[in-house]
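Visitor: Below is one structure. I have some questions about it.
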Amino acid sequence: MKNSVPTLEERKLKLERLKKVILKKEVLINKALMDDLGKSHFETYLTEVGFIIEEISFVVKNLENWAKPRRVSTPMNLFPAKSYIHPSPYGEVLIMSPWNYPFQLCIGPMIGALAAGNRVVLKPSEFAPHTARVVREVIEETYKPNEVKIVEGGVSETQELLKQKFDYIFFTGSTPVGKIVMKAAAEHLTPLTLELGGKSPCLIEESANIDLAAKRCAWGKFLNAGQTCVAPDYVLVPKKYQHDFIDRLNFHLKNFYGDSPAGSPDYPRIVNEKHFDRLEQLLIPAKIAIGGETSRENKFISPTVMKDVSWSDEVMQDEIFGPILPVIPYEDLDEALEEVAKHSKPLAFYVFSENSKKAEKIMQDMSFGGGCINDTIMHLGNPNLPFGGVGASGMGSYHGQRSFETFSHMKSVLVQKTKVDIPLRYPPYNGKLSWLKMFLR
Ligand code: NAD
């Protein structure tokens, strides 16, 4: 059976319905996120439910405009033709999501894919099973299986899915699995977006407001217990301010989570024992300046800051993806930036500075997916900013209009008239070359 493309009205109605179903099931979603990651309801609303509700509203409001055929100018030699770009759906899209924001990273890309008129096969993460279950409920109450189909499972199910031919693949996850996905896509020449990870630096420049930098850094790092792809992975701080910076981190962390973060209702847990063990091994007792408490039984690692960390330490070899913040003191800013540039291109880059010219120059010179001056993570809060990586942190981007474009093939169409037929292009060419050269120069 040929699948017809839903009209814009149908897509908007379905997205509105999706919003209603999500809000109706908010309590279940909160519970699932609490069970999978110990996420507070506030964090769940901020980074999962509220984020998605806002994205749906934004897409529904603008869809008509984005989906219009876009008229572009036509050169004189093609007179009297007109030219258009028609956004058109790819067809069937495979979306695979990770466990760290298991609701947002599943539903978010799906909104763009459906807004663009595609059908979706959705694969939630097996490591957030409670959320995967509630995602299934939300989808099954909103969409027919020929509109959105859920496939649950782990590595072998993903490998089976990747053998099939899709019209587009959207993968969020680690860089190593991203390479596997890209190889599989190459077999069918399937276009794809890779939303990957990596080590995102946070640079404190010497003019920075150290107190506010520490506060915003602490928030961005320990949100979701550091299990955030755009969390500051490590901090570079002028050597003379390392002590002050850590002191302010300590002050703000106490304000956020109290003297005993294990008892804070706002501090999440590590997703599973495997990640707990991986993270625990990264702790260097002699370098711990804040925190360092762990409980395998409760999958708990307190907000931990390590000082005097060097590039050769184990914790600096791979993305941390947990609540451990290494602080690397530097003496020369250019040398520190050169060191960053020697490593893979990060997903995010943050600079704290009161010198706006310097901060903007650093942001221009470095290569990274996206970032902030004087903040962390908040660039994701603006649906007008495309979100994605570069190099090892990914390819392609989404959110807002960019999601619609990512999931649309831009079809180019030239509409020629039949009343006139300029003979220049037809043989015999004798005597026509000088005319042609007048147009094509
Ligand atoms: P992952 O790449 O380990 O796993 C993602 C999914 O891929 C899994 O659910 C699994 O089903 C599948 N998979 C794993 N190994 C596979 C294999 N060998 N063959 C086929 N499929 C396989 O990622 P994760 O642990 O779920 O998530 C953490 C990573 O995701 C981090 O690196 C993080 O930075 C990144 N991330 C990126 C973004 C972003 O938007 N750029 C957002 C969140 C997380």
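Visitor: Mind putting a number on the dipole of the chain about its Cα centre? Charges go on the C-beta only, +1 for Lys and Arg and -1 for Asp and Glu, and I need it in Debye to the nearest 20.
Guide: Using only the charged Cβ atoms, the result is roughly 2680 debye.
Visitor: Right, here's the next one. For segment 1-67, what does the relative contact order come out to in percent, with C-alpha contacts under 8 Å and a separation of six or more?
Guide: 41 percent
Visitor: Toward the positive end of the charge dipole of segment 76-219, about the Cα centre and with charges on Cβ (Lys, Arg +1; Asp, Glu -1), which of Gly154, Pro89, Ser207 goes farthest?
Guide: So the residue furthest toward the plus end is Pro89.
Visitor: So what J values fall out for segment 47-60 if you push phi through Karplus, 6.51 cos²θ - 1.76 cosθ + 1.60 with θ = phi - 60°, rounded to Hz, Gly and Pro as x?
Guide: 9, 10, 5, x, 4, 6, 4, 5, 5, 4, 4, 5, 5, 4
Visitor: Treating the beta-carbon of each Lys and Arg as +1 and of each Asp and Glu as -1, no other charges, what is the dipole magnitude of segment 201-388 about its Cα centre, to the nearest 20 debye?
Guide: Dipole magnitude for segment 201-388 comes out near 460 debye.
Visitor: Right, another one. Only counting other Cβ atoms within 10 Å, I'd like Met76, Met110 sorted with the fewest neighbours first.
Guide: Met76, Met110
Visitor: Taking amide H atoms as placed 1.01 Å from N in the peptide plane, list the residues 5 or more away in sequence, or in a different chain, whose amide H sits under 5 Å from that of Leu325.
Guide: Result for Leu325 returns Thr304, Val305, Met306.
Visitor: Convert each backbone phi in segment 247-261 into a coupling constant with the Karplus relation 6.51 cos²θ - 1.76 cosθ + 1.60 (shift: θ = phi - 60°), then list the ³J(HN,Hα) values in order as whole Hz, x for Gly and Pro.
Guide: Per-residue couplings from phi come out as 4, 6, 4, 4, 4, 5, 5, 5, 5, 5, 10, x, 6, 10, x Hz.
Visitor: Also, I was wondering about something else. Could you point to the residue in Ala231, Thr304, Ala262 farthest towards the positive end of the chain's charge dipole, with +1 and -1 charges on the Cβ of Lys/Arg and Asp/Glu respectively?
Guide: Ala231
Visitor: I've got another one for you. Could I get the Rg over Rh figure for segment 110-219? Both from C-alpha atoms, Rh via Kirkwood, rounded to two places.
Guide: Value, to two decimals: 1.11.
Visitor: Taking amide H positions as placed 1.01 Å from N in the peptide plane, with prolines and chain starts having none, which residues 5 or more places from Ile150, or on another chain, fall under 5 Å of its amide H?
Guide: So Ile150 has HN proximity to Leu122.
Visitor: Next question, about the same structure. What span do the alpha-carbon atoms of segment 201-388 cover on each of the three principal axes, reported in whole Å from largest to smallest?
Guide: Sorted largest first, the three principal extents are 48, 38, 30 Å.
Visitor: Now a separate question. Per residue of segment 115-120, what does 6.51 cos²θ - 1.76 cosθ + 1.60 with θ = phi - 60° give for ³J(HN,Hα)? Whole Hz please, x for Gly and Pro, Karplus curve as stated.
Guide: Computed from phi, the couplings for segment 115-120 are 4, 7, x, 8, 9, 10 Hz.
Visitor: On a 25 Å Cα-Cα criterion, which of the cross-link pairs Lys299/Lys342; Lys20/Lys163; Lys163/Lys345; Lys19/Lys149 come out too long?
Guide: Lys299/Lys342; Lys20/Lys163; Lys163/Lys345
Visitor: Among Leu380, Pro346, Asn250, pick out the residue whose Cα is farthest towards the positive end of the charge dipole of the chain, where Lys and Arg carry +1 and Asp and Glu carry -1 on C-beta, about the Cα centre.
Guide: Leu380
Visitor: Any chance you could list the semi-axes, whole Å, largest first, of the equivalent ellipsoid that the Cα gyration tensor gives for segment 286-441, using √(5λ)?
Guide: 54, 21, 15
Visitor: I need the GluC sites (Glu not before Pro) found in segment 250-334, filtered to DSSP loop residues with at most 14 other beta carbons within 10 Å of theirs.
Guide: Glu293, Glu297, Glu331
Visitor: Normalised by the residues of the chain, what does the relative contact order come to in percent, with Cα pairs under 8 Å and at least six apart?
Guide: Across the chain, relative contact order equals 19 percent.
Visitor: Mind jotting down the distance between the C-alpha centroids of segment 12-35 and segment 210-258, whole Å?
Guide: With segment 210-258 and segment 12-35 each reduced to a Cα centre, they are spaced 32 Å.
Values quoted throughout were computed directly from the atomic coordinates according to the rules given, and no laboratory measurement underlies them. Note that the structure is predicted; figures quoted are calculated from it, not measured. Neighbour counts are summed over all protein chains in view; Cβ atoms, including those assigned to glycine, are modelled from backbone coordinates with ideal geometry.
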